[in-house]
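J.: The structure is given below, and queries will be raised subsequently.
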Amino acid sequence: QVQLVESGGGLVQTGGSLRLSCVVSGSIWSINDMGWYRQAPGKQRELVAAITSGGTTNYADSVKGRFTISRDNAKNTVYLQMNSLKPEDTAVYYCNAAVRIWVPIGTRISDYWGQGTQVTVSS
């Protein structure tokens, strides 16, 4: 069993900052790619930022230069530093991780999601 627990969401004014954290726990052999997605009301879930186990990052064009994704492999944690926040960043933010888990015959990679954390940016 693997759990992803997010924290750090909240209400902030335009131009403000927030830092999201996501801790992965459970029967983990290793964690591959990790990422943050968001879903605004009436819209599809979209990728915000992703990071490989080696530290290579990828960002949505809308957040480049404002958001920074990072990870601490020793703590099984991924972070999203969000600066210069805009009202259009308002959404529920979800953590995602591709986790190699133990199974009776060895290991396999499965995809896991957190429960989501609300980020609201007021104008």
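J.: Can you list the strands (runs of 3 or more DSSP E) found entirely within region 32-123 that contain at least 1 residues being surrounded by fewer than 13 Cβ atoms within 10 Å (Cβ to Cβ) and in contact with a Leu (Cβ under 8 Å, 6 or more places away or on another chain)? Step through it out loud before you land on a result.
T.: On the way: elements: 46-51, 57-59, 67-72, 77-82, 91-103, 106-113, 117-122.
In region 32-123, 117-122 are the strands (runs of 3 or more DSSP E) which contain 1 or more residues that are surrounded by fewer than 13 Cβ atoms within 10 Å (Cβ to Cβ) and in contact with a Leu (Cβ under 8 Å, 6 or more places away or on another chain).
J.: Restricting to region 19-29, and then to whatever is of a type outside the set (D, E, K, R) and at pLDDT 95 or above, can you tell me which residue is most open to solvent (accessible area, probe 1.4 Å)?
T.: Taking region 19-29 as the starting set, the residues that turn out to be of a type outside the set (D, E, K, R) are 20-29.
Then drop every residue that is not at pLDDT 95 or above, which leaves 20-25.
Numbers: LEU20: 0, SER21: 25, CYS22: 0, VAL23: 68, VAL24: 5, SER25: 48 Å².
Filtering region 19-29 for residues that are of a type outside the set (D, E, K, R) and at pLDDT 95 or above, the one most open to solvent (accessible area, probe 1.4 Å) comes out as VAL23.
J.: In region 32-51, which residues are in contact (Cβ under 8 Å) with a residue 60 or more places away in the chain and touching a helix residue (DSSP H, G or I) at 6+ places or on another chain (Cβ under 7 Å)?
T.: none
J.: Between TYR94, TYR79, which is closer than 14 Å to TYR37 by Cβ, among the aromatic types (Phe, Trp, Tyr) and under 14 Å from the mean Cα position of the chain (by Cα)?
T.: Details: TYR79 fails: closer than 14 Å to TYR37 by Cβ.
It is TYR94.
J.: Further, regarding this structure: So which residues in region 21-35 are among the aliphatic types (A, V, I, L, M) and under 9 Å from ASN96 (Cα atoms), if there are any at all?
T.: Step one: of region 21-35, the residues among the aliphatic types (A, V, I, L, M) are 23-24, 28, 31, 34.
Passing the criteria: only MET34.
The values are calculated or read from the model by the stated rules, or taken from the named source; none is laboratory data. Only a predicted model underlies this, so the values are computations on that prediction, with no experimental measurement involved. Cβ: placed from backbone, ideal geometry, glycine included. Neighbour counts: every protein chain shown. Each accessible area value is taken on the protein alone, full model and side chains, heavy atoms only, with ligands, DNA and RNA left out. Shrake-Rupley method; radii C 1.70, N 1.55, O 1.52, S 1.80 Å.
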